[in-house]
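**Q** This is the structure I have questions about; it appears just below.
The values are calculated or read from the model by the stated rules, or taken from the named source; none is laboratory data. All values derive from a computational prediction rather than experimental measurement. With ideal geometry, Cβ positions are generated from the backbone for all residues, glycine too; neighbour counts draw on all protein chains shown.
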Amino acid sequence: MSTEKAIEVRGLRKSYGDLEAVRAIDFSVRRGEIFGLLGPNGAGKTTTVEILEGYRDRSDGEVRVLGHDPQQRSRDLRERVGIVLQSTGIYRHVTVREVLAHFAGLYPHPRDVDEVMELTGLGGKEDARTRTLSGGQLRRLDFALALVGDPELIFLDEPTTGFDPAARRGAWDTVRSLKALGKTVVLTTHYLDEAQALADRVAIIKDGRILVEGAPSELGAGTGAAYYRVSWRNGDGLLNQRETDDPTRLLHELTSDALARGQVLESLSVTRPTLEDVYLQLTADA
Amino acid sequence: MPESRSLGSPSFASLAWRQYRLERKMFWRNPSSAFFNFALPLLFLALFGAIFSSNQKNLDVIVPGIAGMSVLSTTFSALAYNMTFMREQGILKRMRGTPMPSGAYLLGIAGNAITNTALQIVLITCAGKVFFGVDWPKDVGELLVFVVLGVLCFASLGVALSHVIPNYESASAYVNAIFLPVIIISGVFYDANHAPRFLNGIAQALPLVHLIDGLSGAMVKGTGLSDHLSGLGVIVAWTVMGMFLAVRGFSWEQRRS
Ligand SMILES: Nc1ncnc2c1ncn2[C@@H]1O[C@H](COP(=O)(O)OP(=O)(O)O)[C@@H](O)[C@H]1O
Ligand SMILES: [Mg+2]
């Protein structure tokens, strides 16, 4: 497989007993990009990333992560990957600096511990025992622990769930700084705005299937959900909306009709669907 | 598992040592664990020493008995609690995502437990000598053999037990359901040979009574290793089973309930 790709997944399946959590998905992640897996709870995001991280064995399909099969759990791969799990604990009776120094010592070329604390917003908390940290601070420590080994590829499973808006912005900045360093990031989220703000490419996943995939700005067009929305107000102020694949024709009809009757189309607009429209439409329970 | 190291990766030994040092640091910082580990056996020793203080023969039973109990509590109980806690907290899972080899990690954790065993044995031996006039161990080599075997046996059984403990809240119920009956029937507090036949039969099938016998031989009676071959056999058999179950049932993650 090509070395341009950090991750390649083909026909990946995972069943838990009778439950098919992941049903033959394909995607790839280029080196240096931020790839978002966006989907509602239970969609199969965690299952997918934990297979890529080597925590779970797949039921079928092919998976390559930095040239390795993660199921083999090679040490080389673990030295090059940083992981933020959806939820996990940490040693209680140590300080932030001690635990980071411990983890740094597990890697061949760790980053500077102070620098990582600064980057993840833990500055000032160096000497706090981990058990005194708040939920948000613990999540930053998760980030810091994932970055301290200076990995090429970072997995973030719902990294900002439970954050207040300011903390989310901070985490987003951290993720962007990783991209600036040329790192590859795989991010799962059920927050649409997060995927939109961070990801170069997004795959929307639901019930174990990828429904669409592409750049957030392109996702509306191109795929099955292609349409334009035309809206305007009548003379009586009522809002009208029509969806069409051919806005040119619709606009021509509307405007010539209005002109013929000597009316004005108030607030006339033509919009393309946003990622939000696509997401809501795709993930709405049919 | 493949452990191909890239250039500059820390060695297995240095990683195990690093984990060991962290575990020691955390042990001393957790006041309750440090207290129970050292105060409890000494308290037992003081109480029974006071009760039997007029009777050297009983004291000679109590000191190796408490030493045996210490091996059990520092390895079996401590590891069953510790592994259950770390699994539930997700600490095991987090470590699994790092380059730390599993073997080095477990070695660091077991080394921590074994250090406590060693400290307690030394403490009990000294207290026995200083306060109760029990002689210094007759056969230090034999003492080492039994302590090492006892540690391997009960450490592996403790890890194995942690696999069946569903969560940390229930851990003390599981551990004590085994620990208490076993120390009572195995002659920690009296000579096991005076117990009812039926209980003695059960005790003889378990490893602790043989460990205490061996410790008693080494510390008090001066009987050589050759007098304890069948007891050693029982301990080794439990060790093999414990290791098998500890490795086979090992899970890095909390099972979903
Ligand atoms: N270890 C497991 N055993 C059984 N079912 C599981 C397990 N992990 C996840 N599932 C189920 O698989 C589906 C996908 O879960 P998950 O991958 O956690 O989704 P997401 O991360 O998108 O919320 C859910 O229905 C979940 O209940
Ligand atoms: Mg999830």
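**Q** Is it the case, given these coordinates, that A:V29 is within 20 Å of A:L145 (Cα to Cα) and either at pLDDT 95 or above or away from ligand 1 (no atom under 16 Å from the Cβ) (or both)? Working first, answer last.
**A** Numbers: within 20 Å of A:L145 (Cα to Cα): no; either at pLDDT 95 or above or away from ligand 1 (no atom under 16 Å from the Cβ) (or both): yes.
The answer is no for A:V29.
**Q** Considering only segment A:158-198, how many residues are within 16 Å of ligand 1 (Cβ to nearest atom) and within 22 Å of A:A215 (Cβ to Cβ)?
**A** Filtering segment A:158-198 for residues within 16 Å of ligand 1 (Cβ to nearest atom) gives A:158-162, A:186-192, A:194-195.
Next cut, within 22 Å of A:A215 (Cβ to Cβ) only: A:158-160, A:186-192, A:194-195.
So the answer is 12.
**Q** Residue check, B:I121 against (1) part of a helix (DSSP H, G or I); (2) without any contact (Cβ under 8 Å) to a residue 60 or more places away in the chain; (3) surrounded by fewer than 19 Cβ atoms within 10 Å (Cβ to Cβ), all met but one. Which one?
**A** Every condition holds for B:I121 apart from (3).
**Q** Only one of (1) part of a helix (DSSP H, G or I); (2) more than 23 Å from B:L211 (Cα to Cα) fails for B:S9. Which number is that?
**A** Among (1) part of a helix (DSSP H, G or I); (2) more than 23 Å from B:L211 (Cα to Cα), the lone unmet condition for B:S9 is (1).
**Q** B:L107 versus (1) without any contact (Cβ under 8 Å) to a residue 60 or more places away in the chain; (2) surrounded by fewer than 23 Cβ atoms within 10 Å (Cβ to Cβ): which is the lone unmet condition?
**A** (1)
**Q** Exactly one condition in (1) more than 8 Å from ligand 1 (Cβ to nearest atom); (2) within 13 Å of chain B (Cβ to nearest Cβ); (3) not β-branched (V, I, T) is false for A:E50; which is it?
**A** (1)
**Q** Considering each residue of segment A:23-73, count those that are more than 14 Å from A:V202 (Cβ to Cβ), hydrophobic (A, V, I, L, M, F, W, C) and away from ligand 2 (no atom under 16 Å from the Cβ), and give that number.
**A** 4
**Q** Still on this model: Check every one of the strands (runs of 3 or more DSSP E) wholly within segment A:1-108 and list those with 2 or more residues that are surrounded by fewer than 17 Cβ atoms within 10 Å (Cβ to Cβ), assigned by TED's automatic domain parsing to the domain that holds A:I205 and in contact with a strand residue (DSSP E or B) (Cβ under 9 Å, 6 or more places away or on another chain). Outline the logic, then answer.
**A** Working: elements: A:5-16, A:19-30, A:34-38, A:60-65, A:81-84.
Output list reads A:5-16, A:19-30, A:60-65.
**Q** Take the residues in segment A:137-191 that are aromatic (F, W, Y) and away from chain B (no Cβ under 14 Å); name whichever of them is surrounded by the most Cβ atoms within 10 Å (Cβ to Cβ). Can you show your working first?
**A** First, pick out the residues of segment A:137-191 that are aromatic (F, W, Y): A:143, A:155, A:163, A:172, A:191.
From what's left, away from chain B (no Cβ under 14 Å): A:163, A:172, A:191.
Working: A:F163: 19, A:W172: 17, A:Y191: 16.
Ranking the candidates gives A:F163 first.
**Q** On to the next question. If I filter segment A:1-19 down to residues being more than 16 Å from ligand 2 (Cβ to nearest atom) and either within 14 Å of chain B (Cβ to nearest Cβ) or acidic (D, E) (or both), which single residue comes out as nearest to the chain's Cα centre (by Cα)?
**A** A:E8
**Q** Can I ask one more? Return the pairs, sorted by first residue and then second, in which the second residue is surrounded by 14 or more Cβ atoms within 10 Å (Cβ to Cβ) and in a loop (DSSP other than H, G, I, E, B), the first residue lies in segment A:255-279 and is at negative phi and of a type in the set (S, T, N, Q), the beta carbons are less than 8 Å apart, and the residues are 6+ apart or on different chains.
**A** So the pair list comes out as A:T255/A:L265; A:T274/A:G220.
**Q** Report yes if some residue within segment A:140-157 is basic (K, R), at pLDDT below 95 and more than 19 Å from A:G82 (Cα to Cα); otherwise report no. Working first, answer last.
**A** Keep residues of segment A:140-157 that are basic (K, R), which gives A:140.
When the remaining residues are screened for being at pLDDT below 95, the result is A:140.
Adding the requirement that they be more than 19 Å from A:G82 (Cα to Cα) leaves none.
Looking through segment A:140-157, none of the residues is basic (K, R), at pLDDT below 95 and more than 19 Å from A:G82 (Cα to Cα).
**Q** Another one. Out of A:D114, A:D127, which single residue is assigned to a loop (DSSP other than H, G, I, E, B), more than 10 Å from chain B (Cβ to nearest Cβ) and at negative phi?
**A** A:D127
**Q** Working only within segment A:32-47, note down all residues that are more than 15 Å from A:A197 (Cα to Cα) and more than 6 Å from ligand 1 (Cβ to nearest atom).
**A** A:G32, A:P40
**Q** Okay, next question. Are any of the residues in segment A:145-152 within 16 Å of ligand 1 (Cβ to nearest atom) and in a helix (DSSP H, G or I)?
**A** Within segment A:145-152, not a single residue is within 16 Å of ligand 1 (Cβ to nearest atom) and in a helix (DSSP H, G or I).
**Q** Considering each of B:A34, B:A50 in turn, give the residue that is under 30 Å from B:V130 (Cβ atoms), within 14 Å of chain A (Cβ to nearest Cβ), part of a helix (DSSP H, G or I) and of a type in the set (A, V, I, L, M). Talk me through it step by step, then tell me what you get.
**A** Values: B:A50 fails: within 14 Å of chain A (Cβ to nearest Cβ).
From the options B:A34, B:A50, the qualifying one is B:A34.
**Q** I'm checking my understanding of the structure. Among residues of segment B:185-212 that are within 16 Å of the chain's Cα centre (by Cα) and more than 21 Å from B:V159 (Cβ to Cβ), which one is surrounded by the fewest Cβ atoms within 10 Å (Cβ to Cβ)?
**A** Initially, segment B:185-212 is screened for residues within 16 Å of the chain's Cα centre (by Cα), giving B:186, B:188, B:206-212.
Next, from what is left, pick out any that are more than 21 Å from B:V159 (Cβ to Cβ): B:188, B:209, B:212.
Working: B:V188: 24, B:V209: 26, B:I212: 29.
Per the criteria, the residue is B:V188.
**Q** Also, quick follow-up: All but one of (1) surrounded by fewer than 16 Cβ atoms within 10 Å (Cβ to Cβ); (2) among the small types (G, A, S); (3) not in a loop (DSSP other than H, G, I, E, B) hold for B:A218; state the number of the condition that does not hold.
**A** With (1) surrounded by fewer than 16 Cβ atoms within 10 Å (Cβ to Cβ); (2) among the small types (G, A, S); (3) not in a loop (DSSP other than H, G, I, E, B) applied to B:A218, the lone miss is (1).
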